[in-house]
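Novice: Please read through the structure below; I'll follow up with questions.
Please treat every number below as a calculation from the coordinates, not as lab data. On a predicted model such as this, the values are computed, not experimentally measured, just so you know. Every residue, glycine as well, gets a Cβ built from its backbone with ideal geometry; the counts of neighbours run over all protein chains shown.
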Amino acid sequence: MITAVYPGSFDPLTHGHLDIVDRAARIFDRVVIAVLENPSKRPLFSTGERVSMIRESLGERPGVEVSTFNGLTIDFARQVGAKVIVRGLRAVSDFESEFQMALMNRRLEPEVTTVFIPTSLRHLFLSSSLIKELAEFGGDIAEFVPANVVGPLKQRLTREQQHEHP
């Protein structure tokens, strides 16, 4: 049985993330979506909120589970018995930093391999940052994120704006 870890902040989850999860689930027996707990990144949603949104978006997907981690991805991979780290690639610019990270992870744990999954063309331009910016300025994000993310994202951004500009 091959376990893969798909790490990220998922702040917020997008259809691009779910596409990578679905494709990884067709390749590997078990895919662990690893939600990074990193308060220094100042996420829009708490770790618990992100996990809940991901679980709700996933529904029943055999072999896919959601967990949280902090620290090094390679340590989390060891902890869950993963032999693969999955990374989605949107552009050549993603590859350079992802490749360096893959080499470092390989150096730290030679038994773990990074597998790059190119993003589907329809999701090529998506990023959580872009979605947040689009939502912040009133753009329609419904086609880019799961339905259960739309409302909470708009509400959170409205609340953030009210705090910044009372």
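Novice: Using Cβ counts within 10 Å as a stand-in for footprinting exposure, how do Val92, Val5, Val150, Val115 rank, fewest first?
Specialist: By the 10 Å Cβ count, ascending: Val92, Val115, Val150, Val5.
Novice: Can you match Rg and Dmax of the Cα atoms in Å to one of these, (i) 21.4, 71; (ii) 16.0, 54; (iii) 20.0, 59, based on a calculation from the structure here?
Specialist: (ii)
Novice: Rounding to the nearest 20 debye, state how big the charge dipole of the chain is about its Cα centre with +1 on each Lys and Arg Cβ and -1 on each Asp and Glu Cβ.
Specialist: I would put it at about 240 debye.
Novice: Can you give me the long-range amide H partners of Val5? Hydrogens built in the peptide plane at 1.01 Å from N, cutoff under 5 Å, separation of 5 or more residues or another chain.
Specialist: Val32, Val84, Ile85, Val86
Novice: Compute the relative contact order of the chain as a whole-number percentage, counting only Cα pairs closer than 8 Å that sit 6 or more residues apart in sequence.
Specialist: Numbers: 235 pairs, mean separation 47.5, N = 166.
It rounds to 29 percent for the chain.
Novice: Further, regarding this structure: Within segment 81-113, which GluC sites (Glu not before Pro) sit in a loop by DSSP and count at most 14 neighbouring Cβ atoms inside 10 Å?
Specialist: Working: sites: Glu96, Glu98, Glu111; in loops: Glu111.
Of the GluC sites (Glu not before Pro), the ones in loops of segment 81-113 whose Cβ has at most 14 other Cβ atoms within 10 Å are Glu111.
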